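For reference, the structure is listed below as structure tokens.
None of the figures in this text is laboratory data; all of them are computed from the coordinates on show. Everything numeric here is computed off the predicted structure, so don't read it as measured data. As a convention, Cβ positions derive from the backbone with ideal geometry for all residues, glycine included, and neighbour counts pool all protein chains shown.
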Amino acid sequence: MGEQESKHPRRRGAAAAAFVGLSVTAGVLVSAMVAPVVAVAGVATETGIHLFETMPEALTVDALAQTTDIYAKNRDGEPVLLASVYEQNRKNVGWEDISRFVKDALTATEDPRFYTHGGVDIPSALRAAIGNASSGEVGSGASTITMQYVKNILIQRAEAIRDKDERDAAYAEATKTSMDRKLREMRLAIGLEKALPKDQIMLGYLNIAHFGGSVYGIEAAAEYYFGVTAADLTLAQAAALVATVNAPNDFRIDDPDNIGDNKFRRDNDVLAAMLEEKRITQAQHDEAVATPIEPNITPPSTGCVTANPLGAGFFCGYVQRVIENEKVLSDPADSRYSTMKSGGYDIYTTLDLDLQASAVAAVDAYVPRSTDVLDLGSSLVTVEPGTGRILAMAQNKDFNADQDEASPENTAVNYSTDEAYGGSNGFQAGSTYKVFTLAEWLKDGRSLNDAVNGDSRTLTLSSFKDSCQGSGSGSYSPKNDSGQKPGNISVRAATAGSVNGAYFSMAQKLDQCEIRKTAEAFGVRRADGKPLTSYVSDVLGTNEVSPVRMAAAFAGIANAGVYCSPIAIDRIVGPDGAEVPVPESSCSEAVSPEVAATMASALQSVTRDGTGRASNPNDGIPVFGKTGTTDSEKDTWFVGSTTRLTTAVWVGNVTGDVSLRRSTVGGIQADQLRHRVWKQYMTAANTVRPGRASPRPPRVPPTTSRHVRFPPVGVGGWQ
């Protein structure tokens, strides 16, 4: 009957008017029915009728909790599911997306007169009322589909309450066995029938109903229990699912012990009722009864651990932290809470699965998940210059959201991000941080050809200017790597060879505070959330930072000096198809285009014949970068870029301070692992997104444009 009505608008309109009349009639009859029942129960008749007639009649149908899906992009730009997150596994579907067998099974079994009553089935209600009168309750039996829908709405509303005590009280009120609860359901069901057409009520019920465990709604039930959509359910399958609605956890068929009980109810209640109500033929009935219940349990993607096969569990977790920290999907009623796990959103991220696969392959090729040599960690992050979009994020562990269950093979800590976005305190940047002294040197009007003293020596701290926190006192005796004694050396050569003594000579001519401010202009922050310091030793990168921030900073150099903050989300679409505002990359000029081009030129010397030459793919695509090694070789870095991709690789100690230079992993000196990873990854990445010869300054003010175009080969900049 419901199918026929949905196809005839005029008939449906006339039927709707008739149902309103039925609803009014039902209200009168229920009022009359209350009198003898409450009298037997020992309650004054006038009080019982007054109780019913003064109950609220209107019920708002709340938005249901739905599954949120997180997507990456494949080579063709099509979305690929990374993970789903939910409090209730539910996917709302439309009327035409549900098999006719489901609708017929539900009405035949639960409410044969659904399309002819006004919300309360008076004959059934009277029988139930008389049967319960001696106990003073009207608490069992006689529930129409509309009344069950009302009860489910009230339960869902109770379960959405954040405060536990309030939630428990509301749930108890919605489920208690009592006369007033049943009367309230009747009253609200009558009101609901006045407001909504029958098909919409049944559809609402099928989308809200519990089917066992965390499975809610007919679509999720069909997918989970049988691996099909609700539209494709067979008669036998539909009947088995409808058999569960009265006692979902008793009849759920993912527990083999329940299959016998489910089949008994399916055959003797559901299919028998469908035959009696002439919803199916005898032949259909017999065939369905003879069909065994054979579940095809298809667990949904649950949480970011399901992105591990793509190596994207940590990126997925980062996306969740962005949404949480920046209140992207805050509950309108209470901004402290997020609707991410209940809102039914589609979240389209910036992750490029081609690049991600190459990143995972490169890390896996050289950095094992565990080793007897040291507690080894590694991170690779790629950021797109000019947009800030994070295109790849990989590390040498599997993602495990439970910090307490971490092992040498997996962790809950994302090494790529700041503490607030993944739990890492960051790592000392080492000599990759020298680029900010280089930037300040060039901003101060100095040249790459200027000669400075490159020897290691004892430094008087008072000789260093710091307008932020004042000059220090005492002395400092940093060493050059491998005992370098180059004497006077050009800044270009000092950059290529990462000569510590030369960079301290440069810093003595600058303001330490301004070096710090330049680093901040490139988006660098301490991973623990504290402000960057500007100590003399910071020239060598003693601030603990995250790989994603260093990648974004170097992307600013590639982008003609315009830094764009890293982003992980392209767009979010709500269940209604409306776009949700997402955090956008904020772009600003860190240094002038001329300074950026000169920095890139100096950093090309690093990859051409300097400390980073082992990272260079040598595939004809220009690349610049900078190495970084901390005291005792505890942490090692290589951060480099083409005009299209900027990648930071960190390899180091997660805990402890074992020297990577004095350790061997897989037959390779451990401080060389960063180069092997970067080179393999960027060789593959350059085939997908090959860089161009040089960037050029943006044509518009950098604060108003997120994207910077690059010129033809050989025009200005670095080559």
Quiz item: What order do you get for 499-511, 86-98 when each peptide is scored by the mean count of other beta carbon atoms within 10 Å, highest first?
Solution: 499-511, 86-98
Quiz prompt | the stretch 321-330 - phi-based ³J(HN,Hα) in whole Hz, Karplus 6.51/-1.76/1.60, Gly and Pro as x | solution = 5, 4, 5, 5, 5, 9, 6, 5, 10, 5
Quiz item: Label-point separation (nm) for residue 420 and residue 533, each offset 7 Å from Cα along Cα-to-Cβ?
Solution: 2.1
Quiz item: Between the helical axis of 145-159 and the dominant principal axis of the chain, each derived from Cα atoms, what acute angle in degrees is found, rounded to the nearest 10?
Solution: 40
Self-check item: Packing-based exposure ordering (other Cβ within 10 Å, fewest first) of 117, 285, 675
Solution: 285, 675, 117
Quiz item: Cα to Cα, under 16 Å, and not fewer than 8 places away if on the same chain: which lysines meet these conditions relative to residue 626?
Solution: 434, 679
Quiz item: At 222 nm, what helix-only mean residue ellipticity would the chain give, in deg cm²/dmol to the nearest 500, using -39500 (n - 2.57) for each DSSP H run of four or more?
Solution: -11500 deg cm²/dmol
Self-check item: With Cα atoms, 0 to 90° folded angle of helix 593-609 axis to the chain main axis
Solution: 80
Self-check item: Net lengthening on full extension, residue 488/residue 58 (0.36 nm per residue, minus Cα-Cα)
Solution: 146.2 nm
Practice problem: Subtracting the Cα-Cα distance from 0.36 nm times the residue separation, let me have the gained length for residue 171 to residue 261 in nm, one decimal. | Solution: 29.6 nm
Exercise. Take the alpha carbon atoms of the stretch 502-533, find their center, do the same for the stretch 230-286, and report the distance between the two centers in whole angstrom.
Key: 69
Practice problem: Run the numbers on the chain and let me know its relative contact order in percent, using alpha-carbon pairs under 8 Å that are six or more apart. | Solution: 12
Self-check item: For the stretch 589-657 versus the stretch 61-133, the gap between their alpha-carbon centres in whole angstrom
Solution: 55
Quiz prompt | Estimated vicinal HN-Hα couplings, Hz - the stretch 302-318 in sequence order (Karplus 6.51, -1.76, 1.60; Gly, Pro = x) | solution = 10, x, 6, 4, 6, 8, 4, x, 8, x, 10, x, 6, 5, 4, x, 5
Quiz item: Which order, highest average first, do 235-242, 257-264 follow once you tally other Cβ atoms within 10 Å for each residue and take the mean per peptide?
Solution: 235-242, 257-264
Self-check item: Computed FRET value (nearest 0.05) for residue 406 with residue 325, which takes r as the C-beta separation and R₀ as 25 Å
Solution: 0.70
Quiz item: Around residue 350, which amide H atoms from residues at least 5 apart in sequence, or from another chain, sit under 5 Å from its own amide H, with H modelled in the peptide plane?
Solution: 569, 570
Quiz prompt | Cβ-derived FRET efficiency at R0 60 Å, residue 465 paired with residue 231, nearest 0.05 | solution = 0.25
Quiz item: Once Rg/Rh (Cα atoms, Kirkwood Rh) is worked out from the coordinates, which option in [x] 0.97; [y] 1.14; [z] 0.95 does it equal?
Solution: [y]
Self-check item: R0 of 22 Å, Cβ-Cβ distance residue 370-residue 584: FRET efficiency to nearest 0.05
Solution: 0.05
Exercise. Express in nm, to one decimal, how much length is gained between residue 576 and residue 520 on full extension, taking 0.36 nm for each residue of separation and deducting their alpha carbon distance.
Key: 16.2 nm
Quiz item: Angle, helix 100-110 long axis vs. longest principal axis of the chain, Cα atoms, 0 to 90°, nearest 10?
Solution: 50
Exercise. List the residues of the stretch 386-408 whose backbone N lies under 19 Å from a point placed 7 Å from the Cα of residue 214 along the Cα-to-Cβ direction.
Key: 399-406
Self-check item: Set of the stretch 510-527 residues, backbone N closer than 11 Å to the point 7 Å along the Cα-Cβ line of residue 476
Solution: 512-513
Quiz item: Which pairs break 27 Å Cα to Cα here: 151/198; 485/517; 198/341; 485/634; 164/530?
Solution: 485/517; 198/341; 164/530
